[in-house]
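Student: Questions regarding the structure given below will be posed in turn.
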Amino acid sequence: MARKAGIPTILTLFVAGMVALTGCGSGTSAPNDSAAPQQTAKPKEEDKTPVTLKFAVHLPINDEFKRLYIEPVAKKYPYITLELYKATNFKAYEELIASGDTPDLYNSFNGNMPGLKERALNMDMKPIFKEYNVDLNRFEQNYLDDIQYSATEKGELYGLPVETGFHALFYNKDIFDKFGVPYPKDGMTMEDTVELAKKVTRMDNGVQYRGWDTGGFVRLGQPLGLEYIDKKTGKAYTSTAGWKRPFELARQIYSIPGNALDKASAKNSTSGFMKERNIAMLNQTNIFSQLKEEEQKNGLKWDVAQYPSYKEKPNTYGNSTVYMVGMVPTTKYKEQVVHVIEVMTSDEVQTEVSKVGRISPLKSEAVKKAYGQGDDILKTKNVAGILKSKPVKYPIYLYREVAEPLTDKKFEEFVKGSEDVNTALRELDDQINKALADGGYDTTPKK
C-alpha cells in the first residue's frame, strides 16, 4: 500500500436512525371479523424539505454540464439545490474538508476511487441502491465493473456512471486528399494503420507531414490491459511478454522515415494535429470540443474512425475514464443524494448526454442511436465508428504514480535508440523497483 502523508481525518460516519412503523390493532381479533378491512402501513412520504447539497465536481463546470446534469435535477426536485465545488484532485477535497465544506456527493472517475477511499470520501452504495430499488441492470456491466475496481478488489460499487471517455482515431482529411490516399476506415488493425501511415508520411514544399501520432506512449499499451506491478509479489513486471508488444509497435511507428516526434512538443499530439496540421492521424480521447472550435474558426477538415485494434484484442480500445456520481458517507441527506443520482442516470438525461457526443453508460439502444445527433458538426462525422469498440477492463494499477512516468520515459528512450526490447524492459523493472524502495513504499504482498 502506498505511504500516506497528511491526509485529514474525516468525521465519523453519520448513521440515521429510523423508527419502524407498527400497524394499529388491539392485539386480539373478534370472532367472525374476517371481512374487516386490513390495516396497512402508509408508504413513506417523500421529504420535500428544502435542502442544499454540496457537490464536488471533477468534470468541467460549464454551461453544457449545467444543462445536462444540474437543470434536470432542479426541474424534477425543486427543493434540492446543488452547490457546486470544483474538485479535480485530492488536494481540493482535503481543502473542502478542512474548511468545513465536506461534500454530500461527488463526481469523479474510476481511477480516483482508491484515493477517495483512503480519505473516507466514498462508500459501497450497493445496499443503498437495493433499499431504493435502483435498477443496476440498465447499465453496461463493464462500466459498473470499472467503478468497482480497486486495489483491495472487494467489489464495492461507489456510485453510478453518468458518462465515459473513449479512444478514437482522428484524421486530417486535407492531408489524405493532398496525397490521394484513401481515408482511414473502421476495423483497422494496428498493422493496417502503420501501413497507412507510411503512405502519408512525406515531405512536401518544405513541410514534413507525419502519418501517425499515438498521442502518448503509455496509452498505446492500454488496449492490452497491461499492469506495471505484480499484485502477488509487489514487484514490477513490465519485462513480461505482454509489454514487448506496445514497445515494439511504438518503435515501428516512429521509425517510419519522417514520422519521428518533433523536438518541439507543441508540434506533436493534439496541438500538432490541430494547429500545425502536419499530422495525418492521431490516437486520442474525446477532443470533440477543441476540434469543433478549430473547424468553425479556422476551417480544419477532420473526421474520426474506430480506434485501431491489436489483432489479439479486436474491437478494444484503452482505459475508459468512467465518470460517476457517488455519495459521501457523512451526508445527512441520503435520500436526496439518491434522487440526484437517479435523475442524472435517467434515460431522459442520458439521451441528451449521448446527443452531444458523450458516451452514455446505459444499455439502451435508443440512447446509443442518439449519439452525436444533437450537434450539427458531429452529425457530419463518423461518430458511430467510435461505438464499434469497447474499452478494455480497467487494470488494477498499483503505485501508478511511480511506474507510469518511468514507463513513459523508457518508451521515449526506446523509440529513439537501438536498444534490444528485452534489455529495455529489464531496465524498466529495475528502475520501478528502485523508485518504490527509495520512496519508502511498502510493497510487501498483501494476503
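The values are calculated or read from the model by the stated rules, or taken from the named source; none is laboratory data. Small disclaimer: the values here were computed from a predicted structure and weren't measured. Positions of Cβ are backbone-derived with ideal geometry, glycine not excepted, and every protein chain shown enters the neighbour counts.
Student: Taking segment 351-366, which residues are assigned to a helix (DSSP H, G or I) and either over 20 Å from residue 385 (Cβ atoms) or polar (S, T, N, Q) (or both)?
Tutor: 351, 352, 354
Student: Just a yes or no: is a residue in segment 133-143 at pLDDT 95 or above and β-branched (Val, Ile, Thr)?
Tutor: Yes, some residue in segment 133-143 is at pLDDT 95 or above and β-branched (Val, Ile, Thr).
Student: Let me ask another. Take residue 169 and tell me if it is within 23 Å of residue 246 (Cα to Cα), out of contact with any Leu (no Cβ under 7 Å at 6 or more places or on another chain) and among the aliphatic types (A, V, I, L, M).
Tutor: Values: within 23 Å of residue 246 (Cα to Cα): yes; out of contact with any Leu (no Cβ under 7 Å at 6 or more places or on another chain): yes; among the aliphatic types (A, V, I, L, M): yes.
Criteria met by residue 169.
Student: Could you grab me the full set of residues in segment 73-94 that are within 16 Å of residue 107 (Cα to Cα) and either touching a residue at least 40 places away in the same chain (Cβ under 8 Å) or of a type in the set (A, V, I, L, M, F, W, C) (or both)?
Tutor: If the condition is that a residue be within 16 Å of residue 107 (Cα to Cα) and either touching a residue at least 40 places away in the same chain (Cβ under 8 Å) or of a type in the set (A, V, I, L, M, F, W, C) (or both), then 73, 82, 84, 87, 90, 92, 94 are the ones that fit.
Student: Still on this structure: Look at residue 307 and say whether it is more than 21 Å from residue 169 (Cβ to Cβ), among the aromatic types (Phe, Trp, Tyr), surrounded by 19 or more Cβ atoms within 10 Å (Cβ to Cβ) and under 22 Å from the mean Cα position of the chain (by Cα). Break it down into steps so the answer makes sense when it comes.
Tutor: Details: more than 21 Å from residue 169 (Cβ to Cβ): no; among the aromatic types (Phe, Trp, Tyr): yes; surrounded by 19 or more Cβ atoms within 10 Å (Cβ to Cβ): yes; under 22 Å from the mean Cα position of the chain (by Cα): yes.
No, not satisfied.
Conditions (1) at pLDDT 95 or above; (2) within 19 Å of residue 224 (Cα to Cα); (3) assigned to a loop (DSSP other than H, G, I, E, B); (4) not polar (S, T, N, Q), marked per residue:
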site	(1), (2), (3), (4)
394	no, yes, yes, yes
397	no, yes, yes, yes
402	no, no, no, yes
409	yes, no, no, yes
418	no, no, yes, no
422	yes, yes, no, no
427	yes, no, no, yes
430	yes, no, no, yes
443	no, no, yes, no
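Student: Read through the list (1) buried (at least 16 other Cβ atoms within 10 Å of the Cβ); (2) out of contact with any Leu (no Cβ under 6 Å at 6 or more places or on another chain); (3) at pLDDT 95 or above, then give the number of the only condition that residue 55 fails.
Tutor: Result: residue 55 fails condition (2) only.
Student: Taking the conditions exactly as written (among the charged types (D, E, K, R) and in contact (Cβ under 8 Å) with a residue 24 or more places away in the chain), does residue 390 satisfy them or not?
Tutor: Against the criterion (among the charged types (D, E, K, R) and in contact (Cβ under 8 Å) with a residue 24 or more places away in the chain), residue 390 qualifies.
Student: Scan segment 237-247 residue by residue and report those that are under 19 Å from residue 219 (Cβ atoms) and touching an Asp or Glu at 6+ places or on another chain (Cβ under 7 Å).
Tutor: The answer is 238, and nothing else.
Student: Further, regarding this structure: Do any residues in segment 122-145 that are on the phi < 0 side of the Ramachandran plot have Cβ atoms under 7 Å from those of residues that are outside any loop (DSSP other than H, G, I, E, B) and of a type in the set (Lys, Arg), where the two are at least six apart or on different chains, and which pairs are they?
Tutor: 128/334; 142/390
Student: Given the conditions (1) under 18 Å from residue 219 (Cα atoms); (2) in contact (Cβ under 8 Å) with a residue 12 or more places away in the chain, report the number of the one that residue 413 does not fulfil.
Tutor: (2)
Student: Only residues that are of a type in the set (Ser, Thr, Tyr), under 26 Å from residue 142 (Cβ atoms) and more than 19 Å from the chain's Cα centre (by Cα): list them for segment 80-127, please.
Tutor: none
Student: Further question on the same structure: Do the conditions hold for residue 154, that is, is it more than 22 Å from residue 292 (Cα to Cα), assigned to a helix (DSSP H, G or I) and either among the charged types (D, E, K, R) or in the same structural domain as residue 325 (by TED's automatic domain parsing) (or both)?
Tutor: Against the criterion (more than 22 Å from residue 292 (Cα to Cα), assigned to a helix (DSSP H, G or I) and either among the charged types (D, E, K, R) or in the same structural domain as residue 325 (by TED's automatic domain parsing) (or both)), residue 154 does not qualify.
Student: Looking only at segment 374-392, which residues are modelled with pLDDT of 95 or more, β-branched (Val, Ile, Thr) and not in a helix (DSSP H, G or I)?
Tutor: Correct list: 377 only.
Student: Further question on the same structure: I'd like the full set of residues that are within 20 Å of residue 372 (Cβ to Cβ) and among the charged types (D, E, K, R), limited to segment 271-317.
Tutor: 292, 293, 294, 295, 301, 303
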